[in-house]
Amino acid sequence: MEKNNEVKQFVMDRYNEVAESSCGCCGDNTNYTMFSDSYAAKKGYVPDADLSLGCGIPTDYVNIKQGEHVLDLGSGAGNDCFVARSIVGENGKVTGLDFSDKMLEKARLNNEKMGYKNVSFVKGDIESIPLPDNSVDVVISNCVLNLVPDKTKAFSEIRRVMKPGGRLSVSDIVIRGDLPQELRDAVALYAGCISGALKIDEYIQAFKEAGFENPETKKEKHLPISDRLILKHSTEKALADFKEGLVEVLSITLFARK
Ligand SMILES: C[S@@+](CC[C@H](N)C(=O)[O-])C[C@H]1O[C@@H](n2cnc3c(N)ncnc32)[C@H](O)[C@@H]1O
């Protein structure tokens, strides 16, 4: 428990820093932008909200409809919330949830500039979502859940706030094969957002165990890890495993239903 709180404090501090520095690639060699897809052509795109912190485009895979209530977990500066707002329209509702005060400030400022009355940003922890049961149609999340230490708690909270039949689309970083711990730590530092990444099978299984129906991967993207980084933090054997594709870091977008 103590350890989980430490992890969360570390993550919160990091993202407060990222929000303040307004840079994706900050001066500590952490490259937060390495997984990002381009949003430039997306309807509803707000460039100031795009800190290049995502690792997919979760709104692409969940068939959001006009009038629906969308919840974005770990909403950062609001990037996916504004894309979702362009789909739900005037009669829908978008809620962004984040625990970083600085990210919330940025997101609220962006929202003020856009003048949307049906988009709001609330402070909260994904392990304890401050929303009622069965209250949202769609949950999206972009490159966040791997940062949450208690995934069982988080996934059960997500399911609790979704309406029966509600849909979920999450983009996240996962691992295929066995990534040696030292290398995992090095990649986490380098990439910024894979500190608690699960193996792909465990990730899908965790959604099943939380009671989600038919979680399925809609998109997979291979993340290149340099030979140099691998050899600096691991062995020739690990390098060979990477080259043969036995070990891989990837971003996925997963769809599931309550
Ligand atoms: C990698 S950034 C992604 C931001 C945003 N989804 C995007 O694509 O631009 C992760 C975000 O999740 C938030 N976050 C991480 N763990 C969280 C938690 N347990 N509860 C709420 N927010 C969390 C961080 O504060 C940060 O804003």
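The values are calculated or read from the model by the stated rules, or taken from the named source; none is laboratory data. What you are looking at is a predicted structure, and each value in this text was computed from that prediction instead of being measured. As a convention, Cβ positions derive from the backbone with ideal geometry for all residues, glycine included, and neighbour counts pool all protein chains shown.
So the values come out like this:
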| read-out | value |
| --- | --- |
| Close pairs from the range 100-114: first touching a residue at least 12 places away in the same chain (Cβ under 8 Å), partner assigned to a helix (DSSP H, G or I) and more than 11 Å from the ligand (Cβ to nearest atom), Cβ under 6 Å, at least 6 apart | LYS102/GLU20; ASN110/ASP48 |
| Filtered residues of the range 41-79 (kept if in contact with a helix residue (DSSP H, G or I) (Cβ under 6 Å, 6 or more places away or on another chain), part of a helix (DSSP H, G or I) and surrounded by 24 or more Cβ atoms within 10 Å (Cβ to Cβ)) | ALA49, THR59, ASN79 |
| Pair list, Cβ under 7 Å, 6 or more apart: the range 9-32 residue polar (S, T, N, Q) and near the ligand (Cβ under 10 Å from one of its atoms), other residue at pLDDT 85 or above and assigned to a helix (DSSP H, G or I) | ASN16/ASP101; ASN16/LYS102 |
| Residue within the range 71-79 that is within 13 Å of the ligand (Cβ to nearest atom), at pLDDT 95 or above and of a type in the set (Ser, Thr, Tyr) present | yes |
| Selection count, the range 33-52, where residues are modelled with pLDDT under 90, within 11 Å of the ligand (Cβ to nearest atom) and hydrophobic (A, V, I, L, M, F, W, C) | 1 |
| Flag for GLY56 being within 11 Å of the ligand (Cβ to nearest atom) and closer than 16 Å to LEU168 by Cα | yes |
| Residue that is surrounded by the fewest Cβ atoms within 10 Å (Cβ to Cβ), among those in the range 93-149 that are among the small types (Gly, Ala, Ser) and within 11 Å of the ligand (Cβ to nearest atom) | SER128 |
